[in-house]
1. Please turn the phi angles of the stretch 43-60 into ³J(HN,Hα) values with the Karplus equation 6.51 cos²θ - 1.76 cosθ + 1.60 (θ = phi - 60°), one per residue in order, whole Hz, x for glycine and proline.
2. If one computes the Cα centroid of the stretch 62-88 and of the stretch 161-218, what distance in Å separates the two points?
3. Which of the lysines could a cross-linker bridge to LYS11, judged by Cα under 27 Å and excluding same-chain residues fewer than eight apart?
4. Return the sequence-ordered ³J(HN,Hα) values of the stretch 180-188 in whole Hz as given by the Karplus equation 6.51 cos²θ - 1.76 cosθ + 1.60 applied to θ = phi - 60°, using x for Gly and Pro.
5. Over the chain, average the accessible area per residue using a 1.4 Å probe and give it in Å², no decimals.
6. Taking R0 as 45 Å, what's the FRET efficiency between SER6 and ASP108 from their Cβ-Cβ distance, rounded to 0.05?
7. Quick one: pull the percent of accessible area on the stretch 1-151 belonging to carbon and sulfur, 1.4 Å probe, ligands and nucleic acids left out.
8. Compute the helix-to-body angle for 127-137: its Cα long axis versus the longest principal axis of the chain, expressed 0 to 90° and rounded to tens.
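The values are calculated or read from the model by the stated rules, or taken from the named source; none is laboratory data. Keep in mind that this is a model prediction, so the values were computed, not measured. Cβ: placed from backbone, ideal geometry, glycine included. Neighbour counts: every protein chain shown. Each accessible area value is taken on the protein alone, full model and side chains, heavy atoms only, with ligands, DNA and RNA left out. Shrake-Rupley method; radii C 1.70, N 1.55, O 1.52, S 1.80 Å.
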Amino acid sequence: MPDLSSFSITKKWPATHPDRLQLYSLPTPNGVKVSIMLEETGLPYEPHLVSFERNDQTSPEFLSLNPNNKIPAILDPDGPGGKPLALFESGAILIYLAEKTGRFIPQDAAGRYETIQWLMFQMGGIGPMFGQLGFFHKFAGKDYVDKRPRDRYVAESKRLLGVLNQRLADRTWLMGDDYTIADIATFPWVRNLIGFYAAGDLVGIQDFPHVTRAVDLFVARPAVEKGLSIPKRD
């Protein structure tokens, strides 16, 4: 049985099944990327809720695994060479899990790098811009009298949706017929923009039919349906 006791995070979140991959997360768009990927691959894992209400993300135990105090993070007892591996950043975790399982990433070099390209598009554009739009539309920023910040993120979100819509115009998924980590990274954020942020009308989501079609296909996947609510909130 693997011994994870040297990792401080296990003192706050003890591993009931230390032979399984440990997931420290919350069901946010970034968090569910990893729970969905784990459900899609079938890798055994143990989820742990990192509660923002309790400020778990700033605890010394969590910071010992991710000094950037963001979810998700993982601790894989069976990492490279059979040694435990701790990782943070959702994009890095998706690449790691894809390579560990040989799934949801093309095996040829050109296809692999093109998939990573679209993953980085989500990490650098879709996530940050949609997140800022959510702040200025739904959260504290909605009370700002000056709407220029909100409108800036609305315009950028529309531009990014246009890029996605064009990419998806003649293909099922971002890489074509094959579903990849690029899709797993991207569509939770689009779903969140339309649903939780309630910004569909604001960005004119009806003008991006290829995007909404892909989101519908995405959420219909059994692994996605399950992964969207893992870890369960208190």
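1. Those phi angles translate into 5, x, 8, 10, x, 10, 6, 9, 7, 6, 4, 8, 6, 4, 5, 9, 5, x Hz.
2. Answer, in whole Å: 29.
3. List returned: LYS33, LYS70, LYS83, LYS100, LYS232.
4. 9, 4, 5, 5, 4, 6, 7, 6, x
5. That works out to 47 Å² per residue.
6. On the way: r = 38 Å, r/R0 = 0.85.
So the FRET efficiency works out to roughly 0.70.
7. Carbon-and-sulfur percentage of accessible area, whole number: 55.
8. Taking the Cα atoms of the chain, the angle to 127-137 is about 60 degrees.
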